[in-house]
Amino acid sequence: MNSPSGAEAGADACAPLTARPWQDRPGARLSGSCDLDTRQCLSAALGVVTGIPGPVVHLDLSAVVFLDTAAVAALVRAATALKGQGQRLLLHDPPYSLRKVVQMFPDECAALEVAA
């Protein structure tokens, strides 16, 4: 049986959701799953994201495998907060779960903007 190295095991055990700065643009890259178990991590990451300066803040979701409805609501709150500061939150490569929630609740998710 293959076991991950100590660093990888620690990362998996402590952070099923990770957030890292996006190197080539203002924003962050999330990876993992956004659900009840990672709600505090997502909240902390979005708190940092809403403090990033610039007219557009980017959030790469290409490595996110799942977002529950509470996570989608948190993204809506972050987008709304940035809009109130004259900024935009631009989501990149959202997972199916986010696209499905937006499809089911378009009015509630109107603040979310997905990159083309």
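The values are calculated or read from the model by the stated rules, or taken from the named source; none is laboratory data. Owing to the predicted nature of the structure, the values given are computational and were not obtained by experimental measurement. FYI the Cβ positions are ideal-geometry reconstructions off the backbone, even for glycines, and counts take in every protein chain you see. Accessible surface areas use protein heavy atoms only, side chains included; no ligands, DNA or RNA. Shrake-Rupley method; radii C 1.70, N 1.55, O 1.52, S 1.80 Å.
Does residue 13 count as open to solvent by 30 Å² or more (accessible area, probe 1.4 Å), at pLDDT below 95, of a type in the set (A, V, I, L, M) and not in a loop (DSSP other than H, G, I, E, B)?
Considered against the rule, which asks whether it is open to solvent by 30 Å² or more (accessible area, probe 1.4 Å), at pLDDT below 95, of a type in the set (A, V, I, L, M) and not in a loop (DSSP other than H, G, I, E, B), residue 13 comes out as yes.
Which residues, counting only those in the stretch 74-108, are over 16 Å from residue 63 (Cα atoms), in a loop (DSSP other than H, G, I, E, B) and either of a type in the set (Gly, Ala, Ser) or within 14 Å of the chain's Cα centre (by Cα) (or both)?
Within the stretch 74-108, just 86 meets the criteria.
Which ones in the stretch 29-61 are aliphatic (A, V, I, L, M), touching a Pro at 6+ places or on another chain (Cβ under 6 Å) and within 16 Å of residue 94 (Cβ to Cβ)?
Those that are aliphatic (A, V, I, L, M), touching a Pro at 6+ places or on another chain (Cβ under 6 Å) and within 16 Å of residue 94 (Cβ to Cβ): 57, 61.
Does residue 98 satisfy the criteria of being open to solvent by less than 70 Å² (accessible area, probe 1.4 Å) and either of a type in the set (Val, Ile, Thr) or out of contact with any helix residue (DSSP H, G or I) (no Cβ under 8 Å at 6 or more places or on another chain) (or both)?
Answer is no for this residue.
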